[in-house]
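Each remark here refers to the structure printed beneath this line.
The values are calculated or read from the model by the stated rules, or taken from the named source; none is laboratory data. Note that the coordinates shown come from a computational prediction; the quantities given were computed from them, not determined experimentally. All Cβ positions, glycine included, derive from the backbone under ideal geometry; neighbour counts span all protein chains shown.
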Amino acid sequence: MTVIINPEKFQNPKVTAKGEKRAQVFFKTLETLWFNTGSQCNIECANCYIASSPTADHFIYLTPEDMAPYLDEIEEMNLGKIEIAFTGGEPYLNPNAIRLSEMALERGHSLLVLTNAMKPMMRPRVQAGLLDLQNRFPGKMTLRVSLDHFTPDGHDAERGNGSFDIAVKGMNWLTENGFATHIAGRAMFSENDVVARAGYSTLIKGHGWKVAAQNPGQLLLFPEMDEQVDVPEITVACWSILDVHPDTMMCATSRMIVRRKGEPRAVVLACTLLWDDPQFQTGEALKESLGAVALNHPHCAKFCVLGGASCSA
């Protein structure tokens, strides 16, 4: 039975419902800068945390003009070479996807692209662009393919009938052409981590994919993010109780760029998951976004602190 979250929780960014000091995460260094390339997707998943679909347009397609100022800021702030990551929606629906990728790679950064490896990625124009980038920037690009389960039934329950077979074809094409690949799965579909990794291992070996199923950086199993399920609020004391360090949280080392429909320019978010909560929008420029982040959302507790998950490898 689902337990509805206590409405008094996650209301005050400074203190919990019990009056205890809320935990916050201080910015450490920028390791990953995410760009949401647009909320539109070729499919509509049953439990999409960012509400993507074929008609979703709350995030419009990013353009090279949107991206360039942030790449400039990385250099101006002497942040060095970092990981640039694309998410969506489905990034390869964005007509600028290949040029955006090229821009990141030309600056010497590594590139991570989250994709469902379905028809948008398999378009001839996109394939040609990917092969060109692979040839010009070898070893600098990784594609993380969403396979929610290691069986067609499990995966298709989330993404629609036939989705698994199409994604497998995309994964096969990436492997055959020498791309570095990772897999993103969903923890909800398996009894436990051991069962899940064993199932994915069988699938991976059967297709000859170059993914280490036992490596949590190559096969990521994400916890679910139901905002209505009751979770504890994270207090300052929780760090020592749970033996978790705040520097390991995503918001200590990453930010996300989005362009909202109707807005004049892109903005920076503190978290890739909390896209619709205004308290996690930190400004228009990177230099404005490096303040402390209060863990004032159920996702902070369930996904990051208790779930131990991170969107980066």
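On the given criteria, is ALA301 of a type in the set (Gly, Ala, Ser), buried (at least 16 other Cβ atoms within 10 Å of the Cβ) and over 21 Å from ALA187 (Cβ atoms)? Considered against the rule, which asks whether it is of a type in the set (Gly, Ala, Ser), buried (at least 16 other Cβ atoms within 10 Å of the Cβ) and over 21 Å from ALA187 (Cβ atoms), ALA301 comes out as no. Across segment 166-192, which residue is modelled with the highest pLDDT among those that are over 30 Å from ARG136 (Cβ atoms) and surrounded by 13 or more Cβ atoms within 10 Å (Cβ to Cβ)? The extreme case among them is GLY185.
For segment 238-266, a residue qualifies if it is surrounded by fewer than 20 Cβ atoms within 10 Å (Cβ to Cβ), small (Gly, Ala, Ser) and modelled with pLDDT of 95 or more, and the qualifying residues are ALA252, GLY262. Hey, any hits in segment 149-159 for a residue that's outside any helix (DSSP H, G or I), in contact with a strand residue (DSSP E or B) (Cβ under 7 Å, 6 or more places away or on another chain) and under 26 Å from ASN36 (Cβ atoms)? Yes, segment 149-159 has at least one match.
Exactly one residue out of THR202, THR181, THR175 is of a type in the set (S, T, N, Q) and touching a residue at least 40 places away in the same chain (Cβ under 8 Å): that is THR202. Quick one: what pairs do we get from segment 141-152, first residue over 14 Å from PHE222 (Cα atoms), second surrounded by 23 or more Cβ atoms within 10 Å (Cβ to Cβ) and among the β-branched types (Val, Ile, Thr), C-beta under 6 Å, 6+ apart or different chains? The qualifying pairs are LEU143/VAL113; LEU143/THR115. Applying the set (1) surrounded by fewer than 23 Cβ atoms within 10 Å (Cβ to Cβ); (2) closer than 22 Å to GLY262 by Cβ to ASP72 leaves exactly one unmet item: (2).
With the condition kept exactly as written, say whether any residue in segment 236-249 is of a type in the set (Gly, Ala, Ser), under 21 Å from the mean Cα position of the chain (by Cα) and not in a helix (DSSP H, G or I). Within segment 236-249 (the criterion being of a type in the set (Gly, Ala, Ser), under 21 Å from the mean Cα position of the chain (by Cα) and not in a helix (DSSP H, G or I)), the answer is no, since none of the residues qualifies.
Among helices (runs of 4 or more DSSP H) entirely within segment 52-125, having at least 3 residues that are of a type outside the set (A, V, I, L, M) and in contact (Cβ under 8 Å) with a residue 40 or more places away in the chain singles out 64-76. Scanning segment 20-49 for residues that are β-branched (Val, Ile, Thr) and within 14 Å of the chain's Cα centre (by Cα) yields THR32, THR37. Which of the residues spanning segment 147-163 are within 16 Å of LYS119 (Cβ to Cβ) and surrounded by fewer than 22 Cβ atoms within 10 Å (Cβ to Cβ)? Within segment 147-163, ASP156, GLY160, ASN161, GLY162 qualify.
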